[in-house]
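The structure appears right after this line, and notes come after that.
Nothing in this text is a laboratory measurement; each read-out follows from the coordinates by a stated rule. This structure is a prediction, so every number in the text was calculated from the model and none was measured. Cβ coordinates were reconstructed from backbone atoms using ideal geometry, including for glycine residues, and neighbour counts include every protein chain displayed.
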Amino acid sequence: MAHDIRRLAPHDLATMRELNALFACVFEDSASYASAPPDDNYLSRLLGKDSVFALAALRDGSVIGGLVAYELKKFEQARSEIYIYDLAVSAPHRRQGVARALIENLQNLAATRGTWVIYVQADYGDEPAIALYTALGQREEILHFDIPVPPR
């Protein structure tokens with residue numbers, strides 16, 4: 001089945017909200033993705049940033065997958081990296097090339113910007129994600145730490 005990949009723009013608020021709902025469902029994390037949704041102005045400004053990539057995979061006008069990524073400018077060299085923060089495909093549409101198409105679309109966008117590399121994290125035990133990322137790139141073993149920010 002065919003799907004379309006589209007980079008979301010400031011006017012794509014409804015599609016971005018649909019993508020966030022998909023993330024909440026797939027990641028089983030409604031506390032992060034649905035409990036305090038940002039207002040339209042915030043979302044529109046974020047979608048308008050050149051360094052923010054929100055890609056939606058659409059089938060028959062509905063979001064079936066998507067990714068959110070951020071370009072990080074580096075200090076050690078005049079280059080940038082893109083970090084895939086969220087990537088999800090709804091269960092009925094998995095194993096149909098949707099995630100790969102999303103990443104390939106991001107690769108094309110990155111190439112036009114002269115980006116050095118795209119990177120993504122995967123959780124231990126998430127074998128489908130690990131298999132996909134291994135097929136597309138080089139695996140590194142790292143530790144990830146979340147450092148809390150004290151309240152003000």
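Observations, loosely collected:
- Antiparallel content of DSSP bridges confined to the chain, in %, to 5: 85 percent
- Per residue, the convex hull spanned by the Cα atoms of the chain measures out at 151 cubic angstrom.
- Taking Cβ atoms as reference points and 15 Å as the exclusive limit, the residues near ALA78 contribute a net charge of +1, counting Lys and Arg as +1 and Asp and Glu as -1.
- Relative contact order %, the chain, counting alpha carbon pairs below 8 Å whose residues are six or more apart: 20 percent
- Summed residue charge, Cβ within 14 Å of ALA101's Cβ, Lys/Arg positive, Asp/Glu negative: +4
- The HN-Hα couplings worked out from phi for region 44-59 by the Karplus form 6.51 cos²θ - 1.76 cosθ + 1.60 (θ = phi - 60°) are 4, 5, 5, 5, x, 6, 5, 9, 10, 10, 10, 10, 10, 9, 10, 10 Hz, whole numbers, x standing for Gly and Pro.
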